[in-house]
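What follows draws every value from the coordinates through simple rules; no lab data is involved. Everything numeric here is computed off the predicted structure, so don't read it as measured data. FYI the Cβ positions are ideal-geometry reconstructions off the backbone, even for glycines, and counts take in every protein chain you see.
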């Protein structure tokens, strides 16, 4: 139990650092947007998506520890925000449309569609990626 508590605290510290990194990147994104720097905006968004993947992994690890060692904490987990996602095959890509936020994105592989949609929603709305759930509709292979 002590090891589980230690790792929970460690994950919480890392999560706090990731949250700070994301906040800093959003500030950089706003600065790039204000300056009209489209290339800078693309680069910052790419970095934000990478940090969000790290955030998601940390949250999954923490959730697994909670479920295994602290089931009463796991019962009070935050609710997810669910978004419908429409996909369609377009040449060698999957086109992903998120009507609720009027966004489009794409993924190379079908297996990447859900995570890519979650990343885009988190980036656009500011909702932590772990709280984003998607329901995929459309073409399936």
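Cβ crowding within 10 Å, taken as a proxy for footprinting-reagent exposure, orders 1, 115 from fewest neighbours to most as 1, 115. With r defined as the distance between the Cβ atoms of residue 47 and residue 112 and R0 fixed at 30 Å, what FRET efficiency is calculated, to the nearest 0.05? Given R0 = 30 Å and the Cβ-Cβ separation, E is 0.95.
Once the Cβ-Cβ distance of residue 27 and residue 139 is raised to the sixth power relative to R0 = 25 Å, the FRET efficiency obtained is 0.10.
Rank by packing, highest mean first: peptides 82-90, 116-124, with packing defined as the count of other Cβ atoms within 10 Å averaged across residues.
Going from most to least packed, we get 116-124, 82-90.
Rounded to the nearest 10 degrees, the inclination of helix 38-69 to the longest alpha-carbon principal axis of the chain is 30 degrees.
Return the label of the correct value of volume of the Cα convex hull per residue in Å³, as calculated from the structure shown, out of (i) 176; (ii) 122; (iii) 215. The value computed from this structure is option (ii).
Using helices alone, I'd like the mean residue ellipticity at 222 nm for the chain: each DSSP H run of four-plus residues gives -39500 (n - 2.57), total over residue count, nearest 500.
Values: 4 runs with 83 residues, N = 141.
Dividing the helical sum by the residues of the chain leaves -20500 deg cm²/dmol.
As I understand it, the value is the acute angle between the Cα axis of helix 113-125 and the longest principal axis of the Cα atoms of the chain; what does it come to in degrees, rounded to 10? Computed tilt is about 90 degrees.
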